[in-house]
Each structure stands twice: as C-alpha cells, then as structure tokens.
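Trainee: Please find one structure pasted underneath; my questions will follow.
Derivation of every value follows stated rules applied to the coordinates shown; laboratory data play no part. Just so we're clear, the structure is a prediction, and the values are computed from it rather than from any experiment. Note: ideal-geometry Cβ built from the backbone for every residue, glycine included; neighbour counts use all protein chains shown.
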Amino acid sequence: MAVDLSGKRALVTGAARGIGAGCAVELARAGADVAVNDRELTDAARETMDAIRATGRRAFFIAGDVFESASCADVALRAIDSLGGLEILVSNPAFSRRSDFLECPPSLFDQVVRGTLNGGFYMSQAVARHMVERGGGGKIVFISSVQSRVPYVRSAAYNAGKAGLNHMAFTIAAELAKHRVNVNVIEPGWIDTPGEHETFGDQYIADHAAQLPWGRLGSPADIGKAAAFLCSSDADYITGTSLLVDGGFWLRGAGA
C-alpha cells in the first residue's frame, strides 16, 4: 500500500542536503507540501526545492538557525504562514564533532548537545503548540541515531545528545497523546550523506560499505521513506517508539 500524505503540510529542518533532504523529498512524493528549513538558501537547498516541485507539490524555503530558541519560533511561524498550517514536523537538528573524552573542552560538549538535543526541543515545542491549538492531531518525527544506543568512542557528547533526544521524544509523546499528536523517533545507521564523505573520505566509505550487514550504506531516501510512513495515517496507532533504519548496522557486534 502506497503511503498517502495528500493534503498534508510539513516542515523539515536541516533539509538542504543529506537525511533532511531525503525526508523532504519523500514526504513530497507521498503528497505533502513541504517547508524546507536550513540556515541559508544554498545550491543544495535549491536542488531539494526543485526535487519537491518536480513531484507537483509546493515547496517553500525557510531560513533559520534551529539551534536557537528564538529562531525556532520564527521558523515555525513562517512555515505555518507559508503553508497555511502544519500537520507534520520532521526535526533533524544535529551537530557532531568527535573528540577524545579526556581532551574534549566543555565548550565543545555544550555545542554538540545544544545542537543535537536542545534544537529538537525548541522546534518541536513551537510546532506542537500550533498543532494543539489548531486541533486535529499531527505527526512529529525526530531524527536520532544508532549512536543513541551504541556508545561509539570519541563521541560522548553526540551519543549523550541522541540518547537524550530519544527519551525526550518519548516524554513528549506521552504528553501529546491526548491531543492525538504522534511523536516518534527514527534511528539511522551509517547513511551516505555529504557530511559522511567530508568526515571519512570517499575511499574509506567505499572500502567499508561492503562490510556492512546489508552490503551498503543507507541512503537519505531510506530514512525519508520511513519518515513518510510514520507521518501517514497508516501509523496512527504508533507513538512513543523508535525505528531503527540501519540495514543491520547495529547488529554487527552479533556477528551479522
């Protein structure tokens, strides 16, 4: 059964490229109009907008820094004004810098946690208030990480931020259930994004992708399709859960 988001209006943060872009495009392919957020209108953001419009859906660009509370409130308001309302939020804020625990400066720890955890709180609160006031329910999906459950070295801040994001999302789900706002989490594994190539390099990724249980990295579209499902009426009875979309990445320690 094809996912149907016809008539729905979505805001996707961090949507210029990578996982955010994959989510924005897949929501559009399922029928949603999409407000695309990122810090500035780059060529990558324009490509995402073009891909959305190629599906026949509306696309609006909403510039803003979703790591800051005031900016999140402004992004939410402008997305609501542009689309005439919101039924869907895909919250995709993240900031990651690896550092040895013994050497990690407090300022870096604070920056990573603020970008990974706080931004999700600010944006979801702003959009959820609109959903509750409007009535009729809604869908909120947080993009977390397999690192919420796997304590990768040199990533203490990011691991903590993503684990906290999951628990925060489940708490929000409990509070918003009476308003019929579904709140769920997607935990991507190793996804083939520009950021990963910048971090690891093309050759490293090529050498290691085939060693993964599924024989490849995930794609932004893999995450986007999961998000589209969780934002659809087919997932109306799913809230307060996390969905691993990792091709078995998390199972590597089991000999997979």
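Trainee: More than 33 angstrom separation, counting every C-alpha pair in the chain; what % is that?
Mentor: 14 percent
Trainee: With a 10 Å Cβ neighbour count serving as the proxy for reagent exposure, in which order, fewest first, do 168, 123, 131 appear?
Mentor: By the 10 Å Cβ count, ascending: 168, 131, 123.
Trainee: Specify the residue with the greatest mean-square fluctuation among 34, 66, 132, computed from a Gaussian network of the chain linking alpha-carbon atoms under 10 Å apart.
Mentor: So, out of 34, 66, 132, the one fluctuating most is 132.
Trainee: On a straight-distance basis, which lysines could pair with residue 8 in a cross-link, Cα separation under 26 angstrom, same-chain partners fewer than 8 positions away excluded?
Mentor: Within reach: 139, 178, 225.
Trainee: For segment 161-198 and segment 1-73, what is the separation of their C-alpha centers, rounded to whole Å?
Mentor: What the calculation gives is 17 Å, centre to centre.
Trainee: What distance in nm separates the two pseudo spin-label positions at residue 100 and residue 199, each 7 Å out from Cα along the beta-carbon direction?
Mentor: 2.0 nm
Trainee: Before anything else, pin down the relative contact order of segment 106-176: Cα pairs under 8 Å, at least 6 apart, normalised by residue count, whole percent.
Mentor: Reported as a whole number, the value is 40 percent.
Trainee: Of the candidates 243, 108, 230, which one comes out as most mobile in a Gaussian network treatment of the chain with C-alpha springs shorter than 10 Å?
Mentor: 108
Trainee: Then there is this: Enumerate the residues in segment 173-202 having an amide nitrogen under 19 Å from the point lying 7 Å beyond the Cα of residue 236 toward its Cβ.
Mentor: Backbone N within reach: 176-184.
Trainee: Provide the percentage of antiparallel DSSP beta bridges, counting only those with both residues in the chain; round to the nearest 5.
Mentor: 0 percent
Trainee: Which residue fluctuates most in the GNM of the chain (Cα springs below 10 Å): 224, 119, 201?
Mentor: 201
Trainee: To test your reading of the geometry: what angle, between 0 and 90 degrees and rounded to tens, separates the Cα axis of helix 156-176 from the longest principal axis of the chain?
Mentor: Value to nearest ten degrees: 30.
Trainee: Taking the simple approach of a point 7 Å from Cα along Cα-to-Cβ for both residue 54 and residue 69, what is their distance in nm?
Mentor: Modelled inter-label distance: 4.1 nm.
Trainee: Output ³J(HN,Hα) for segment 184-192: one whole-Hz value per residue in order, computed from phi by the Karplus curve 6.51 cos²θ - 1.76 cosθ + 1.60 with θ = phi - 60°, and x for Gly and Pro.
Mentor: Result, rounded to whole Hz: 9, 10, 10, 10, x, x, 8, 10, 7.
Trainee: Among rounded, prolate and oblate, which fits segment 1-141 when a ≥ b ≥ c are the square roots of the eigenvalues of its C-alpha gyration tensor, a/c under 1.5 means rounded, and a/b larger than b/c means prolate?
Mentor: Prolate is the answer for segment 1-141, as a/c is 1.5 or above and a/b outweighs b/c.
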